[in-house]
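Contents: one structure, followed by commentary.
The values are calculated or read from the model by the stated rules, or taken from the named source; none is laboratory data. All values reported here derive from a predicted model rather than from experimental measurement. Note: ideal-geometry Cβ built from the backbone for every residue, glycine included; neighbour counts use all protein chains shown. The protein model used for the area step is the full one, side chains on, heavy atoms only, and it has no ligands, DNA or RNA in it. Shrake-Rupley method; radii C 1.70, N 1.55, O 1.52, S 1.80 Å.
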Amino acid sequence: MKEITETKNIGLRGVKVADTRISDVDGERGILIYRGLNICDLVVHSTFEEVSFLLLNDHLPTAEELKRFQSELVSEREVPEAVYRFMKMMPNTSHPMDILQAAVPILASDDPQLYGESRNANLKKAIRLIAKLPNIVAAWDRIRKRKKPVRPNPELTHAGNFLYMLSGSLPDPETVRDFDICLILHAEHSFNASTFAAREVASTHAHLYAAVAAATGALSGELHGGANSEVMKMFLEIGEMHRVKSWVSERLQKGGKIMGMGHAVYHTEDPRATILREICIQLANRTGDRKWFELTKTVEAATQEEFKKLKGKEIFPNIDFYSASVYYMMGISIDVFTPVFAISRISGWAAHIIEEKFAEAQPKPELYRPDADYVGAYCGPQACPYIPIEERSK
Ligand SMILES: CC(C)(COP(=O)(O)OP(=O)(O)OC[C@H]1O[C@@H](n2cnc3c(N)ncnc32)[C@H](O)[C@@H]1OP(=O)(O)O)[C@@H](O)C(=O)NCCC(=O)NCCS
C-alpha cells in the first residue's frame with residue numbers, strides 16, 4: 001500500500017468548489033440569503049412562486065412577470081398519463097421518494113424541449129418540473145392509499161393546490177400561508193449534498209431532468225432531506241414528555257444522533273428553524289393540540305443540555321427539526337415529508353443547474369472531476385501481476 005501523508009478534507013467541509021450568485025449561507029451569524037435577499041424578508045413579503053422566479057432569474061419579478069410566471073406554472077401542473085400508469089403498477093409499499101425520483105425521467109420523455117439547451121429551454125424545463133412534482137407526490141400518496149388522484153385546481157396557489165391534491169379538500173388560508181412559508185424556506189441552500197449532486201451531473205452536459213433525478217436521490221438520505229421523516233419517527237417513539245430526558249441522554253451516550261439537530265454549516269441556530277418554530281407554535285395554538293410543539297421544544301432543550309455535557313459544545317436545531325411537527329400537524333404522512341422538501345428544493349436545484357450549464361457565476365463551464373488518493377493494493381508503479389483463476393487461493 002502506498003503511504004499517504006497529505007491530510008484530506010473528507011466530506012469537503014468548507015472547501016469552495018465553485019462561485020454562485022444564487023444564495024449565501026452565513027453559518028456563523030445564522031443568515032440565509034437568496035439572490036441578495038434575506039429569507040426573513042422573503043417569508044414576510046413573498047410567495048413560493050415569487051421566490052422561484054427570483055432564484056431562476058436573479059431578480060424579483062415585476063407584477064407582470066410574476067403574473068406570467070404563475071400562469072405558466074398553473075398551465076404545466078398536469079402530468080402525462082404515463083406517470084399515473086407507472087404509479088399504478090408500483091407496490092403500495094414503494095417509498096414516495098423512490099417514486100418521485102423514478103417519475104422524473106418519465107417527465108423527461110414527455111418534454112418537447114428535452115434536448116433544447118438554450119437558457120430559455122432550460123427555464124421552461126425548470127417551470128415544468130416545479131409545476132409537476134407536487135402533482136406526482138400528491139398522486140402517489142393517494143394511489144398507494146387506494147384513493148383516486150385529485151387533478152390540480154387552477155384557481156389555487158402552488159402551496160394551496162398541493163395541499164388540495166393531497167387531501168382532496170380545500171385547505172384553510174392560514175395553513176396554506178404556513179405551508180407556503182415552508183416551501184420558501186426549503187427552496188434553496190447553496191452547495192448542500194443534493195444541489196452539489198445536481199450541479200455535478202449538469203457539468204457533464206446531461207439534461208436538466210437527469211440532474212434533478214440525481215439530486216432527488218441525494219436528498220432522500222437521512223443526513224440530508226430524509227432527516228425530517230426521521231425526526232417525526234423519533235418524536236413518536238419518545239411519545240411522552242416525561243420520557244424525553246432519558247431517551248435523549250441514552251441516545252447521545254450511546255453515540256447515536258438526534259435527528260434534526262446540528263448542521264454542517266450553521267454554528268448557531270439555523271434561521272429557518274427559528275421561523276419554523278414560530279409556525280409550529282401558531283399551528284399548535286390553532287389546532288388546540290400543543291403536544292407536538294411541546295415535545296419538539298423539550299427534545300431540543302434536552303439535546304442541547306446533554307450535548308453540552310458530553311461534548312462541551314453547543315448544538316442547534318436545523319430546518320428538519322420543527323418542520324417535522326409542522327407537517328405532522330398539517331396531516332401530511334411522515335414518509336411524504338422528504339418529498340415535500342423536494343417539491344420546494346426543485347427551484348433551487350433548477351437555478352443551480354442553469355447556473356452551472358451557462359457558467360453564470362464563473363468564467364466557463366467545467367466538468368467536475370475531483371481526485372482521490374489510491375490506498376488499495378499496490379505492487380509498484382507497473383501494478384500487480386495478474387493471477388489466472390486456477391492459480392488463485394483465498
Ligand atoms: C448535519 C450533520 C451531518 C452535520 O454533521 P457535522 O458536519 O459532522 O457536524 P459537526 O462537525 O458540528 O459535528 C460535531 C460533533 O457533533 C456530533 N453531532 C452532530 N450532530 C449531531 C446530532 N444531531 N446528534 C448527535 N451528535 C451530533 C458529530 O457526530 C460530531 O461528533 P464527534 O466530534 O464526536 O465526531 C449532523 O449534525 C447530523 O447528522 N445531524 C442529524 C441529521 C440531520 O438532522 N440532518 C439534516 C441536516 S440539515
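Could you tell me whether the range 93-102 includes any residue that is in a helix (DSSP H, G or I), open to solvent by less than 70 Å² (accessible area, probe 1.4 Å) and closer than 19 Å to residue 188 by Cβ? Within the range 93-102, one or more residues are in a helix (DSSP H, G or I), open to solvent by less than 70 Å² (accessible area, probe 1.4 Å) and closer than 19 Å to residue 188 by Cβ. The set of residues in the range 206-229 that are away from the ligand (no atom under 16 Å from the Cβ) and without any contact (Cβ under 8 Å) to a residue 60 or more places away in the chain comprises 206, 214. Cβ contacts < 7 Å: first residue in a helix (DSSP H, G or I), restricted to the range 142-157; second residue crowded, with 18+ Cβ neighbours inside 10 Å, any location; separation 6+ or different chain. Result? Final answer for the pair search is 142/149; 143/87; 143/149. The residues on offer are 251, 243, 199, and the sole one that is more than 12 Å from the chain's Cα centre (by Cα), within 13 Å of the ligand (Cβ to nearest atom) and either in a helix (DSSP H, G or I) or aromatic (Phe, Trp, Tyr) (or both) is 251.
Here's the yes/no breakdown for (1) within 17 Å of residue 245 (Cα to Cα); (2) in contact (Cβ under 8 Å) with a residue 12 or more places away in the chain; (3) touching a His at 6+ places or on another chain (Cβ under 7 Å); (4) of a type in the set (A, V, I, L, M):
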site: 288; (1), (2), (3), (4): no, no, no, no
site: 291; (1), (2), (3), (4): yes, no, no, no
site: 295; (1), (2), (3), (4): yes, yes, no, yes
site: 309; (1), (2), (3), (4): yes, no, no, no
site: 312; (1), (2), (3), (4): no, no, no, no
site: 315; (1), (2), (3), (4): yes, yes, no, yes
site: 322; (1), (2), (3), (4): no, yes, no, no
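Among the hydrophobic types (A, V, I, L, M, F, W, C), part of a helix (DSSP H, G or I), open to solvent by less than 10 Å² (accessible area, probe 1.4 Å) and farther than 27 Å from residue 229 by Cβ, is that true of residue 107? It is false that residue 107 is among the hydrophobic types (A, V, I, L, M, F, W, C), part of a helix (DSSP H, G or I), open to solvent by less than 10 Å² (accessible area, probe 1.4 Å) and farther than 27 Å from residue 229 by Cβ.
Of all residues in the range 290-336, those being within 10 Å of the ligand (Cβ to nearest atom) and touching a strand residue (DSSP E or B) at 6+ places or on another chain (Cβ under 8 Å) number 7. If only residues of the range 285-299 that are open to solvent by 60 Å² or more (accessible area, probe 1.4 Å) and polar (S, T, N, Q) are counted, the one that is farthest from residue 14 (Cα to Cα) is 287. Just to be sure, is residue 379 of a type in the set (A, V, I, L, M, F, W, C), open to solvent by less than 70 Å² (accessible area, probe 1.4 Å) and farther than 30 Å from residue 279 by Cα? No. The residue of the range 153-163 that is nearest to residue 329 (Cα to Cα), among those that are open to solvent by less than 20 Å² (accessible area, probe 1.4 Å) and either charged (D, E, K, R) or over 19 Å from the mean Cα position of the chain (by Cα) (or both), is 160. Of all the listed residues (341, 337, 358), the sole one being touching a Lys or Arg at 6+ places or on another chain (Cβ under 7 Å), on the phi < 0 side of the Ramachandran plot and at pLDDT 95 or above is 358. Quickly run through the range 351-394 and pick out the residues that are part of a helix (DSSP H, G or I) and either farther than 24 Å from residue 194 by Cβ or among the basic types (Lys, Arg) (or both). Selection gives 357, 389, 390, 391. Looking at 288, 348, 331, just one residue is out of contact with any helix residue (DSSP H, G or I) (no Cβ under 9 Å at 6 or more places or on another chain) and not basic (Lys, Arg), and that residue is 288. For the range 47-63, filtered to residues that are within 20 Å of the chain's Cα centre (by Cα) and among the hydroxyl-bearing types (Ser, Thr, Tyr), the residue that is farthest from residue 131 (Cα to Cα) is 47. Filtering the range 264-280 to residues that are within 19 Å of the chain's Cα centre (by Cα), part of a helix (DSSP H, G or I) and not aliphatic (A, V, I, L, M) leaves 271, 272, 274, 277. Can you find, within the range 247-284, the residue that is surrounded by the most Cβ atoms within 10 Å (Cβ to Cβ) among those that are among the β-branched types (Val, Ile, Thr) and more than 25 Å from residue 16 (Cβ to Cβ)? Taking the candidates together, the pick is 248.
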